[in-house]
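What follows is a single structure, written as structure tokens, with notes after it.
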Number of protein chains: 2
Amino acid sequence: MQYPPGTAFMDGEFVPMAEAKISVLDWGFLRSDATYDVVHVWKGRFFRLDKHIERFMRSASRIRLDIGHGPDQLQRILAECVRRSGHEDAYVEMIVTRGVSPTFSRDPRDAINRFIAFAIPFGWILRPEQREDGLHIAISKVQRIAPEAVDPTVKNYHWLDLVMGLYDAYDRGAPNVVLSDGAGHVVEGPGFNLFAVRAGRVVTPVTGVLHGITRLTAIELLRELGVEAEQRPLGEGELRGADEVFATSTAGGVIPVTRIDDQPVGDGAMGALTRQLVERYWQAHTRPEWTTEVDDIAAMPQAAE
Amino acid sequence: MQYPPGTAFMDGEFVPMAEAKISVLDWGFLRSDATYDVVHVWKGRFFRLDKHIERFMRSASRIRLDIGHGPDQLQRILAECVRRSGHEDAYVEMIVTRGVSPTFSRDPRDAINRFIAFAIPFGWILRPEQREDGLHIAISKVQRIAPEAVDPTVKNYHWLDLVMGLYDAYDRGAPNVVLSDGAGHVVEGPGFNLFAVRAGRVVTPVTGVLHGITRLTAIELLRELGVEAEQRPLGEGELRGADEVFATSTAGGVIPVTRIDDQPVGDGAMGALTRQLVERYWQAHTRPEWTTEVDDIAAMPQAAE
């Protein structure tokens, strides 16, 4: 098995990715009982690190997981993973799993929770050289797991619906997918939120979706452009009839969507508002209020704390 | 970290449970993109091994995972795990995960699927010495993930709804839980199916649930007693008003449920039909047509094949 170059933090130690392994008995695996967050580093700077750590801590608390580290300690661990990885651009994941009960009971309250972090090369939903062509998606009949079952605002690994949606899209000739809510609305795709633009108005779903930090960033950048995004259910027909569609994700930022179910969105090229947002999004990676230099974060007091 | 005594099979080798670890990058973990099955061994005999292997192979095929072993090879691997573990009574799990893409793409079709098996001590939802007292459950407002999102007949690790349901039950003083479908019906609990008995008629949910092998066994044992279980949606009120309720699971067989939301089921004691089934279930563990002696399964042609 091959591993991407990078550094992980587990059990108080920094290890190469090839050694970052969890027990097959960890409930984070056997019950997908875990939460996580992913922040990216671009040209040596974390992007909106505080927002990611804030959401991670809120997610953990909602599903009653103890991270075992406060926000400052988390920053130091993540920065140290990035430094040791040597990556200028990185995808930095923090995870807390339920762990295992030392008595081997079935009771999650008995488990010793487990924190893991790692930094690997930056990942893309759509590589920059494909950006002009844009993302092609299918709308799948597979429904996203409902909020009444699993709270989507708690970032989680319940992805079988998204993966089966991907296979559904592949079968229909599309390389990516968006799932629906079973009531005529689209919700989200594998790792991204969705925005539709029509006659200057912008809509993005708000229920049944992760409240992505890139989604938030897009909403804030739109506001700077004088456009207030409407956060409400987005109909399938509304999406198909949009002038412009874009996706947002930590794995690639603002991403134009140019084909849906093999039909062009608008004239099939990246829209003007999307282009403006893509540019602003990447320019924002030097804003002092949104970024933190990896090297400005203090070293860990002890490497093996 | 402590590990239960047992033996795992990974990467063609048999290893102690402490060494049975998967990469944190495996999509079986990061996307819960995996399927599994659990068969038990009781007094040195597998119980309904063929049914478990059949379901495991069907599950893998439905979500497009390649186990990499046929049924005979699977039997041999599982038997070897049990023999090496030394357990007379064991909980034997077989797993296939999506694995990781060697190019680190996000495309599940690129991944190299991964097979894992292990044998650990037999696990109980309710220990035999607690059987007379029975299982106490709460009916949670947390909804089970709908079949339109994730096919529940493909045994999967999407358990955050069940775990959050457990915490909901704990908060209300109940040690276990059953989830609902959001339309007034109960579906399943963490690792068990449910049956309700009223005036000699037996009902068990059929949609939105795993088609458990112990559930099937209970249906077949009931048939031997001249009772045909109705497989249809089971209303919450129907469950509360039942004369007898029982759960079925590989982790403990037929399990009497004696309290629901702190109210007794019937007179609060194990019901007569439930008692008959519990006895028949354990007696059935010597039936030649339902059991396979671990030592009757041939050794692996090569330990490290």
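Does any residue of the range A:116-123 turn out to be small (G, A, S) and touching a helix residue (DSSP H, G or I) at 6+ places or on another chain (Cβ under 7 Å)?
yes
Just checking, how many residues over the range A:2-14 are under 27 Å from B:T103 (Cβ atoms) and either crowded, with 21+ Cβ neighbours inside 10 Å or touching a residue at least 12 places away in the same chain (Cβ under 8 Å) (or both)?
9
Kindly establish whether B:A79 is among the hydrophobic types (A, V, I, L, M, F, W, C) and more than 14 Å from chain A (Cβ to nearest Cβ).
When the stated conditions are applied, B:A79 passes them.
From the list A:L179, A:L210, pick out the single residue that is away from every other protein chain (no Cβ under 13 Å), in contact (Cβ under 8 Å) with a residue 24 or more places away in the chain and either within 22 Å of B:Y167 (Cβ to Cβ) or touching a Ser or Thr at 6+ places or on another chain (Cβ under 7 Å) (or both).
A:L210
Of everything in the range A:101-141, what is facing chain B (nearest Cβ under 7 Å), over 26 Å from A:H40 (Cα atoms) and hydrophobic (A, V, I, L, M, F, W, C)? Give them in sequence order.
If the condition is that a residue be facing chain B (nearest Cβ under 7 Å), over 26 Å from A:H40 (Cα atoms) and hydrophobic (A, V, I, L, M, F, W, C), then A:F104 is the only one that fits.
Tell me, yes or no, whether the range A:72-84 has at least one residue that is over 19 Å from the mean Cα position of the chain (by Cα), surrounded by fewer than 22 Cβ atoms within 10 Å (Cβ to Cβ) and more than 14 Å from A:V294 (Cβ to Cβ).
yes
Is at least one residue of the range B:280-289 in a strand (DSSP E or B) and basic (K, R)?
No, because not a single residue in the range B:280-289 is in a strand (DSSP E or B) and basic (K, R).
Give the residues of the range B:143-168 that are over 24 Å from B:T97 (Cβ atoms), more than 7 Å from every other protein chain (Cβ to nearest Cβ) and buried (at least 23 other Cβ atoms within 10 Å of the Cβ), sorted by residue number.
Scanning the range B:143-168 gives a single hit, B:G165.
Name the residues in the range B:144-169 that are of a type outside the set (A, V, I, L, M, F, W, C) and in contact with a helix residue (DSSP H, G or I) (Cβ under 7 Å, 6 or more places away or on another chain), would you?
The first filter runs over the range B:144-169 and keeps only residues of a type outside the set (A, V, I, L, M, F, W, C), leaving B:144, B:147-148, B:151-153, B:155-158, B:161, B:165, B:167-168.
Hits for the range B:144-169 are B:R144, B:D151, B:K155, B:N156, B:Y157, B:H158.
For the range A:82-100, what are the residues that are facing chain B (nearest Cβ under 9 Å) and acidic (D, E)?
A:E93 - this is the single residue of the range A:82-100 that is facing chain B (nearest Cβ under 9 Å) and acidic (D, E).
Could you please find all residues in the range B:213-232 being surrounded by 21 or more Cβ atoms within 10 Å (Cβ to Cβ) and not hydrophobic (A, V, I, L, M, F, W, C)?
Those that are surrounded by 21 or more Cβ atoms within 10 Å (Cβ to Cβ) and not hydrophobic (A, V, I, L, M, F, W, C): B:T214, B:R215, B:T217.
Looking at A:V163 and the list (1) assigned to a helix (DSSP H, G or I); (2) more than 26 Å from B:L160 (Cβ to Cβ); (3) in the same structural domain as A:V265 (by TED's automatic domain parsing), which single condition is not satisfied?
(2)
Can you tell me which residue among A:T291, A:T286, A:T258 is of a type in the set (S, T, Y), surrounded by fewer than 12 Cβ atoms within 10 Å (Cβ to Cβ) and in contact (Cβ under 8 Å) with a residue 12 or more places away in the chain?
Criteria check complete, one pass: A:T286.
Select from the range B:1-17 the residues that are within 11 Å of chain A (Cβ to nearest Cβ) and not in a loop (DSSP other than H, G, I, E, B) and write down the one among them that is farthest from the chain's Cα centre (by Cα).
Going through the qualifying residues, I end up with B:V15.
Can you find a residue that is at positive phi and either in the same structural domain as B:E148 (by TED's automatic domain parsing) or more than 20 Å from the chain's Cα centre (by Cα) (or both) anywhere in the range B:283-291?
no
Give all pairs with beta carbons closer than 7 Å in which a residue from the range B:226-241 that is more than 15 Å from B:V209 (Cα to Cα) and touching a residue at least 12 places away in the same chain (Cβ under 8 Å) meets a residue that is among the charged types (D, E, K, R) and surrounded by 13 or more Cβ atoms within 10 Å (Cβ to Cβ); count only pairs at least 6 apart in sequence or on separate chains.
Here the result reads B:G241/B:R198, each pair linking the range B:226-241 to a residue that is among the charged types (D, E, K, R) and surrounded by 13 or more Cβ atoms within 10 Å (Cβ to Cβ).
Look through B:E93, B:E54, B:E88 and report the one residue that is buried (at least 16 other Cβ atoms within 10 Å of the Cβ), more than 26 Å from A:V15 (Cα to Cα) and acidic (D, E). Outline the logic, then answer.
Numbers: B:E54 fails: buried (at least 16 other Cβ atoms within 10 Å of the Cβ); B:E88 fails: buried (at least 16 other Cβ atoms within 10 Å of the Cβ).
After ruling out the rest, the residue left standing is B:E93.
Would you say B:F104 is at pLDDT below 95, outside the structural domain of B:L166 (by TED's automatic domain parsing) and of a type in the set (A, V, I, L, M, F, W, C)?
Values: at pLDDT below 95: yes; outside the structural domain of B:L166 (by TED's automatic domain parsing): yes; of a type in the set (A, V, I, L, M, F, W, C): yes.
When the stated conditions are applied, B:F104 passes them.
Among the residues of the range B:253-305, how many are in contact with a Pro (Cβ under 6 Å, 6 or more places away or on another chain) and within 19 Å of B:F122 (Cβ to Cβ)?
0
Hey, which of the helices (runs of 4 or more DSSP H) in the range A:18-118, taking only ones fully inside, have at least 1 residues that are more than 24 Å from A:G191 (Cα to Cα)?
Answer list for the range A:18-118: A:71-85.
Across the range B:15-45, what is the total count of residues that are surrounded by 20 or more Cβ atoms within 10 Å (Cβ to Cβ) and more than 23 Å from B:R106 (Cα to Cα)?
Of the residues in the range B:15-45, 7 are surrounded by 20 or more Cβ atoms within 10 Å (Cβ to Cβ) and more than 23 Å from B:R106 (Cα to Cα).
The values are calculated or read from the model by the stated rules, or taken from the named source; none is laboratory data. Predicted, not measured: the structure shown is a model, and the values here were computed from it. Virtual Cβ from ideal backbone geometry, glycine too; neighbours counted across all protein chains shown.
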